[in-house]
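The values are calculated or read from the model by the stated rules, or taken from the named source; none is laboratory data. The model shown is predicted, which means the values in this text are computed figures rather than measured ones. All Cβ positions, even for glycine, are placed from backbone atoms using ideal geometry, and neighbour counts span all protein chains on display. For the accessible areas, the whole protein counts, side chains as well, though only heavy atoms, and no ligand, DNA or RNA atoms are used. Shrake-Rupley method; radii C 1.70, N 1.55, O 1.52, S 1.80 Å.
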Amino acid sequence: MLFKLAVRNSKRSRKENGLFFASLLVSIVAFYVLLSFPRQDVMIFLKRMESDAVNKLMGMVPIFFGMTLFLLFFLIYFASKFQLERRRHEFGVCLMMGMRRKKLFAMLMMEDLESSMVSLLIGIPIAVLISELISLVTARLVGMGIVGHSFSFSAEAVLATAAGFIAIKFAAFLILSGKIAKSQIGSLLNDKTQEVKKQKPVLVYISALILGIGCLAWAYASAISGGAWRSIRTMGLTVILGLMGTFLLFYGLRVVIGFLAEHGRTRQLHIFNFRQIEENVIHRRTLLAVASLLMLAALCCFGAGVSIARVQGKAETHVLDYTFYEYKSSTENIRETLETCGLASNFSELFEIRIGHIRTTDDYDNAFQMDTVFEALSAMPQSVERDVIINNLGYESYPYLISQSGYNKLLSAAGLPLVELGEHEMAVYMDKEFTGYERERIMNEVLKTRPEVLLDGEQWHLTGSVQKTDIVTDRAISLSFALIIPDDAFLYYTKGDGEAYLNGILDKEAVSGMGLMNAILTMNERLGTTGIHYESYLQNMGRQLFYVVASSYITIYLAVIFLVIANTILGVQFLMGQQKVSRRYVTLVHLGAAYETICSAAKKQINWFFGLPIAVSLVSSMFGVRSLFSGILSSQNRGNIAELMIVSAAMILLLFVIECIYIAAVKRLSSRYLLTLMMPKREE
């Protein structure tokens with residue numbers, strides 16, 4: 001009998017609190033997706049390429065899992081408290097009718113256990129499906145193809161998800177059930193009255209509002225200018241001012257709401273609505289501030305994470321699949337080995353690119369002189385990037401030389417314009433790792449003047465624009481500054497003593513059948529028996545994929561958790577507050593207010609209750625995301641900040657749409673509760 005009663009009550013609670021139940025399902029899905037990382041195709045691939053970095057990332061998973069369990073414990077505690085508070089009268093009647101306190105406690109624990117099992121039975125299959133979908137999409141994006149995907153199910157992730165979820169839910173409900181079971185019958189039967197807080201002078205709230213706006217403005221300015229990232233001290237000060245500003249802002253908002261209540265247009269229940277909103281701000285200003293900060297964290301994680309992942313995913317243009325090297329001036333031995341092993345036919349292109357130092361002089365400090373370049377840079381407006389270029393070029397008196405023909409073959413493979421050089425003309429090469437949008441722009445301005453330089457005492461002109469296409473697949477060599485010169489001049493100045501790299505591009509037919517990733521993995525196995533030194537695109541792909549995973553998977557996971565917590569806290573607190581002041585709505589019914597009018601008033605209150613923290617978080621998120629770009633992005637990607645802000649704005653807009661859906665669900669629950677107040681009740 002007790003078990004049937006517990007099952008019936010649990011089913012009723014899920015129906016009445018579907019919003020909270022949905023939040024629990026989202027949490028279960030997020031838990032499993034995070035814990036099943038090691039079994040996904042992309043992570044298995046990354047372990048081959050970036051094992052150390054992946055192991056460090058996997059080592060952080062338990063930390064994220066533990067942190068979210070800690071946060072969700074409080075979410076479940078307060079949400080469950082709301083559920084039990086609504087049933088206080090029911091529990092009091094049960095005790096009056098002779099139910100023992102131990103049985104009441106046991107019934108509540110069985111209800112929670114049954115609810116937890118239903119949540120897991122529904123949530124785990126959804127989580128597995130979503131995890132597979134993520135793995136499938138990722139496999140398709142990285143070139144594995146659908147054929148390379150294999151179904152993965154992590155029993156360890158299921159057990160950890162179930163254990164963690166049941167543990168925090170059981171702990172929260174154990175505390176609450178114990179308090180309910182120990183309560184006196186009279187306290188359970190009597191409704192709790194709303195606490196009254198002493199009102200302070202209006203000047204206090206106005207001062208708090210102005211000071212809060214000032215703190216936020218200072219924090220925004222420091223974040224956008226990049227000053228917050230200069231040291232731990234400035235970062236800490238910026239964060240503290242941002243937190244203080246948010247709390248002070250919500251503390252002083254009651255002045256604005258009170259003004260709107262007194263000077264707004266007279267409409268149905270207008271003053272009642274704003275008095276209710278004012279009371280909510282007074283009693284729950286800390287909660288609103290915390291919810292706003294959680295939303296801010298979610299918006300920043302989602303907006304910045306997706307944008308940065310997008311940049312990292314396309315940061316490197318894929319041109320080359322392989323680079324073979326022996327650190328000699330010729331690659332003939334490598335070509336012969338590939339031919340002998342029957343591997344040369346798997347490449348659509350194999351071309352040589354040569355680099356070398358100036359060998360016609362031993363005066364390394366004056367082998368290359370570019371005084372006119374320094375003069376042109378000095379004449380430009382002062383900036384940090386300009387000064388960095390001047391400093392870096394000051395060390396380039398003995399640069400690398402690159403053969404024009406080899407580099408043009410690389411550009412041709414990439415579908416880019418070739419380097420055209422006239423007599424005694426050379427082009428500038430600067431690797432993307434050592435430059436960025438602004439530095440490249442400054443150098444191109446200088447190159448437009450065709451500055452005169454000296455190469456071993458001979459006059460040359462720099463021309464064209466900065467070249468930055470990688471000359472090898474990965475990290476065999478990275479040149480901060482080099483000169484692209486005609487082949488005959490290259491042979492003269494290097495005296496034939498240079499290094500040659502053989503770049504290869506796989507045949508498209510070989511790739512299309514199994515996907516790029518599997519094609520390179522298969523080729524790596526065959527090359528392993530030849531003794532040839534090589535680097536493949538997988539090294540580069542693995543590093544980029546790691547950035548994508550670290551910046552998108554983890555940030556999106558945190559965004560989901562923060563958003564669930566913030567929304568559930570707001571929804572639960574509003575509905576709980578609405579129940580506590582139910583007598584006011586009953587009074588309105590007695591005064592003749594229609595159901596539609598009362599529901600409309602409650603919906604307006606919900607718009608304000610959710611809208612205040614959402615509006616503050618939306619404004620703060622644009623500054624927060626911009627600050628993250630200033631501090632996290634490398635110099636080569638900072639030129640894309642405008643594009644990234646557009647992507648971030650789109651992601652933030654997507655979360656705003658989700659917020660609107662959540663608010664609509666809260667309004668439906670509110671209207672359902674108000675409907676129960678329209679029915680006459682007996683007074684016990």
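Key figures for this structure:
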read-out: Test for TYR395: is it aromatic (Phe, Trp, Tyr) and at pLDDT below 90; value: yes
read-out: Residue that is farther than 17 Å from LYS603 by Cα, charged (D, E, K, R), modelled with pLDDT of 70 or more and surrounded by 13 or more Cβ atoms within 10 Å (Cβ to Cβ), where the choices are ARG626, ARG638; value: ARG626
read-out: Evaluation of LEU249 against (1) modelled with pLDDT of 80 or more; (2) exposed (fewer than 14 other Cβ atoms within 10 Å of the Cβ) (one fails), failing number; value: (2)
read-out: Residue count for the stretch 366-388, restricted to those that are modelled with pLDDT of 90 or more and either of a type in the set (D, E, K, R) or outside any loop (DSSP other than H, G, I, E, B) (or both); value: 10
read-out: Strands (runs of 3 or more DSSP E) lying entirely in the stretch 417-518 (those with 2 or more residues that are open to solvent by 10 Å² or more (accessible area, probe 1.4 Å) and free of Cβ contacts under 8 Å to residues at least 60 places away in the same chain); value: 458-462
read-out: Identity of the residue in the stretch 580-614, buried (at least 17 other Cβ atoms within 10 Å of the Cβ) and touching an Asp or Glu at 6+ places or on another chain (Cβ under 8 Å), that ends up farthest from PHE20 (Cα to Cα); value: ILE614
read-out: Candidate set: the stretch 179-217, residues that are part of a loop (DSSP other than H, G, I, E, B) and open to solvent by less than 50 Å² (accessible area, probe 1.4 Å); chosen: the one modelled with the lowest pLDDT; value: GLN194
read-out: For LEU411: the one exception among (1) more than 19 Å from GLU535 (Cβ to Cβ); (2) touching a helix residue (DSSP H, G or I) at 6+ places or on another chain (Cβ under 7 Å); value: (2)
read-out: Residues of the stretch 88-122 that turn out to be open to solvent by less than 70 Å² (accessible area, probe 1.4 Å), touching a residue at least 60 places away in the same chain (Cβ under 8 Å) and over 47 Å from the mean Cα position of the chain (by Cα), as a count; value: 3
read-out: Residue check for LEU253: under 23 Å from GLN276 (Cβ atoms), touching a Leu at 6+ places or on another chain (Cβ under 8 Å) and among the aliphatic types (A, V, I, L, M); value: yes
read-out: Output for the stretch 218-237, where each listed residue is β-branched (Val, Ile, Thr) and loosely packed, with under 13 Cβ neighbours inside 10 Å; value: ILE232
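So that you can scan it fast, the table gives a plain yes or no per residue for (1) assigned to a loop (DSSP other than H, G, I, E, B); (2) modelled with pLDDT under 75; (3) under 27 Å from GLN573 (Cα atoms); (4) more than 12 Å from the chain's Cα centre (by Cα):
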position	(1), (2), (3), (4)
ALA291	no, no, yes, yes
ALA298	no, no, yes, no
VAL306	no, yes, no, no
GLY313	no, yes, no, yes
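Matching residues to (1) in a helix (DSSP H, G or I); (2) within 30 Å of SER671 (Cβ to Cβ); (3) at pLDDT below 80:
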{"residue": "GLU535", "(1), (2), (3)": "no, no, no"}
{"residue": "ASN540", "(1), (2), (3)": "yes, no, yes"}
{"residue": "LEU545", "(1), (2), (3)": "yes, no, yes"}
{"residue": "SER551", "(1), (2), (3)": "yes, no, yes"}
{"residue": "THR555", "(1), (2), (3)": "yes, no, yes"}
{"residue": "LEU558", "(1), (2), (3)": "yes, no, yes"}
{"residue": "LEU570", "(1), (2), (3)": "yes, yes, no"}
{"residue": "CYS599", "(1), (2), (3)": "yes, yes, no"}
{"residue": "LYS603", "(1), (2), (3)": "yes, yes, no"}
